[in-house]
Each structure stands twice: as structure tokens, then as C-alpha cells.
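Data block below; observations after.
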Amino acid sequence: MRYLSTRGAASGQRFSDVLLEGLAPDGGLAMPEAYPMLGAAELARWRPLSYPDLAYEVLRLFADDLPAGDLRAMVSRAYTRELFGCAEITPLRTLEPGLHILGLSNGPTLAFKDIAMQFLGQAFEHALGRAGTTMNILGATSGDTGSSAEHAMRGKQRLAVFMLSPHGKMSPFQAAQMYALQDANIFNLALRGVFDDCQDIVKAVNGDAEFKLRYRIGAVNSINWARIAAQVVYYFKGYFAATRGNGEPVSFAVPSGNFGNIYAGYVARSMGLPIRRLILATNENDVLDEFFRSGVYRVRKTAEVRQTSSPSMDISKASNFERYVFDLVGRDAGWLAMLWQALDAHGAFDLRGTRAFDAIAGSGFVSGSSSHRDRLDTIRAIHGRYGCLVDTHTADGIKVGLQYREPDVPLVCLETALPAKFAATIREALGRDPERPQGFEALEALPQRFTLMEPDAAEVKAFIARHALT
């Protein structure tokens, strides 16, 4: 398996190369030269596998330059009962025949990001150990990526983590999960802005080739291909759990902010998994829903990004969207570069009337949006009817998923976090606080450590320069 860049300049790299790189040197995102294709025989062989064994089978297709024994050891350490609370890792809960929730939030930080991040921590440690070097990770979070990354990387001697977050825009639980960490290799930078400002700075720093090389800057956001590859696994696991035979179609409903979670489903579908629909759910920040309904991708200015009760989706610029559009334009790097130049100059691009627009219909996507009122109604309905408590983001996914539910096609709604992370909205919906898992009872009362600063790339770079591993 070799990789190319969505912007066209980088090609022929292997998994180990793109693992440590983040953005490609030309500013693009790493993509496989071709998606591996699976037939009925492979699906039948994979169906009974445990989660670690399935992860090995999927990841070895994307990481075939890693020694098989090393890769198997990585996934065995990443996916354990001790870390995820059960041997299934991603248990499927059936609400009624044909309606399921895939439990992705049983890891150390109670969010789906833990699944990919635990593997990424193992992969980084392996690669840096072999190279005898260190890496300084720069990331941005709207709520869950940061804590998942920091808990996966904390205490690792060859890694330092610099995590940018929008000050005051996350839930108190989410903020405390990061800011309460006291490990010497963890640095939380709270920026006076929104998530898009944080993400823009990550891209700006990665775009400074000399700085990136000098300080060995790496990425844990879903611009890192290894994150996407690890997330592909649970689409296969969810499919097998929701079906009896390998020809049955399944639809997945996915809350989406940065487009990485649902893009992994698109990759699984491109590999041959019988996914009928990828149902994309946004909150009030409905840039992606607008695109799939109209063909126009129009990012919002900072002042237009709304602060909502599903804060991990308060995103206007979806970083993984570039990978999907790269496929829509037939992997024409020149065309894609023109679209992103228009996006930078005018804040939008329009695919209507092009073959790329026609390709959307065949890619499996449908979309919808959800409001705060929808969230409350869905949380109440799912709890009242099934005795199941879901968080605000999962509620967005369920609400839109039910709009597109089809008879005789199982609908799997991806759980993205546990309700404990969003107590205020659960209290508003049900009149009581959600239960907290053991060990999280007094999280917000712990001492918190972070640095408040302006959303300025030069200021962030100066901070990294002072504290980076050398």
C-alpha cells in the first residue's frame, strides 16, 4: 500500500511515512493510491473475529510495511477489556429489531476518539522507538479529540502533546478531562476563539516546513491517516454484529463535525462493505448538510459558528472533507487545489453542474441537521421508549438517522460519547444528572493546568519552541 497527497505533490509513501507526517509537504492530506477491495470470502472469514483480530486484518491492508508481529502486538495492547470495559470493545445494543446503537464510548475518556487514539499511541511509540527520535504533537480539539489524545500519549517519553482548544466552548467535563492532566509532556493551550481558529493554526504550523522539520511536528487530528484507518475497523465490527449474512445492506447514522468518523465509513463502503447509506447528521452548524443537499460548500466565519449543546460538532471547516472531495473530482489534484483556492478566497465552492456533483449520489451519503430542541426530544424519546440514555451528539445522529430509516435495512447509530460528558443538557431533558462512570465523580474539582492565549499562529509556535522535546 502506497499513499499520495490530495494536492498532488507527494506520492509513493508508505504507512510509516504518513503516520509521522500529518499534513503532506504540499499541504494536502495522505490518501491510499487505491482502496483495498474485499470479496465475500474475506467478509466471511472476518465475521467471527475478535475486535483485536479484526483490527489486525483491516490495518494490515493499510500498514503493510509494518512487521506483522509488531502490528498484531500494537492492536493487542490497544484493544483490551481493561481499557474498554468489555471484550467486544464496540458492543452493539439493539433497541428494537433493525434499530441499533454501536457503543464506541467505553474507552478511557468516554468518547469514540479513544478507539483510534489508543492504536495511534501504540503506533507512534513503535515508530519513534525504531527511529530513536522524538515527536511534538500539535492538535486541535472541539471537545473529545484532545482528551483522547492526551490520555493515549500521557507519560510517553518520546512524545510531547500541544493541544489547542477553544476557551469556554467545551462542556466543563470535556475541559476538565484535558486540563486536569498534570503530566509533564502534556500542554493545553486554550485559545480565545472557536475550534476553526484552532484548526487553522494547526494547518498553518504544519505549512511552515522549516518549523515543522526543526521541531518534528506530528498530528493526532483526523488529518492523520492512521486515525481514519483505525476507525474503519468498527464499521466492519458493527456490520457483522447487526447482520446474519454478508450480503445484507446496513445503513449507518453518524454525527459529524470534522468528517473523519463518517469518512471512515465511506472508506469501508469503498472497500466493499455493503453499506447502503451513510447518514450524516450535523447540529445547527450545518455546513456539511448544506453541501450534501445543494452541492455548495460554504464555510462560516468565526462569528457565525454557533455554540451548541453538541459542542464537538461546532465546526465550520471539516478537515477530512478534502479527502472525500478528492474522490468526487476523480482524484484530480489540480481541480481540488482550485476548489480550495476558491474556498480560501471566497469562503465557498460550488460543484453544481459538474461530474463531481453527479458523483455525490453514488457515494452513499444523505444528510440532515438537528437542533437543541430536537436533541432534547430525542434524548427523552430514546430513554422513555427503550430505557437507553444517549448523549447530545448521539441524539443528533439518531434523530437524522430515523428520518432516513428504511424497512428491512438495519440502521446502526454510532454512539460518539457518554451522557456524563454533557450533564447540563441531560438535566434539561430528563430533570436529573446522568450517572458517572467510576473514577469520574469529582473530575471538574481537580486542579486544572492550561495556558490561555490569542488565536495567533506565531504565539503558538513560540510556545512550542520553548517547550518542545528536542
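The values are calculated or read from the model by the stated rules, or taken from the named source; none is laboratory data. Bear in mind the structure is a predicted one, so any value in this text is a computation, not a measurement. Cβ atoms come from the backbone with ideal geometry, glycine included; neighbour counts cover every protein chain shown.
A compact table of results
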read-out	value
Residue that is assigned to a helix (DSSP H, G or I), more than 21 Å from SER312 (Cα to Cα) and touching a residue at least 12 places away in the same chain (Cβ under 8 Å), where the choices are VAL460, VAL400	VAL460
From PHE291, PHE240, residue being crowded, with 19+ Cβ neighbours inside 10 Å and farther than 23 Å from SER369 by Cβ	PHE240
Any chance THR302 is polar (S, T, N, Q), more than 21 Å from the chain's Cα centre (by Cα) and modelled with pLDDT under 95	yes
Of residues in the stretch 234-286 being part of a helix (DSSP H, G or I) and aromatic (Phe, Trp, Tyr), the one nearest to GLY103 (Cα to Cα)	TYR234
Residues that are in contact with a helix residue (DSSP H, G or I) (Cβ under 6 Å, 6 or more places away or on another chain) and under 20 Å from HIS126 (Cα atoms), drawn from the stretch 72-96	ARG72, MET74, VAL75, SER76, ARG77, ALA78, TYR79
Candidates GLY39, GLY129, GLY85 - the one that is of a type in the set (Gly, Ala, Ser), surrounded by fewer than 17 Cβ atoms within 10 Å (Cβ to Cβ) and on the phi > 0 side of the Ramachandran plot	GLY85
Counted residues, the stretch 264-294 - those being charged (D, E, K, R) and within 23 Å of TYR234 (Cβ to Cβ)	3
Residues of the stretch 344-353 satisfying the condition of being surrounded by fewer than 17 Cβ atoms within 10 Å (Cβ to Cβ) and in contact with a Phe, Trp or Tyr (Cβ under 9 Å, 6 or more places away or on another chain)	ALA348, ASP350
Check on ARG244, within 30 Å of TRP46 (Cβ to Cβ), among the charged types (D, E, K, R) and outside the structural domain of ALA63 (by TED's automatic domain parsing)	yes
Test: residue in the stretch 330-341 that is modelled with pLDDT of 95 or more, of a type in the set (Lys, Arg) and assigned to a helix (DSSP H, G or I)	no
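Each row is one residue, and each column tells you yes or no for (1) under 19 Å from the mean Cα position of the chain (by Cα); (2) over 25 Å from ARG306 (Cβ atoms); (3) free of Cβ contacts under 8 Å to residues at least 12 places away in the same chain.
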site	(1), (2), (3)
MET338	no, yes, yes
PHE357	no, yes, no
ALA361	no, yes, yes
PHE365	yes, no, no
HIS372	no, no, no
LEU376	no, no, no
GLY384	no, yes, yes
CYS388	no, yes, no
ALA395	yes, no, no
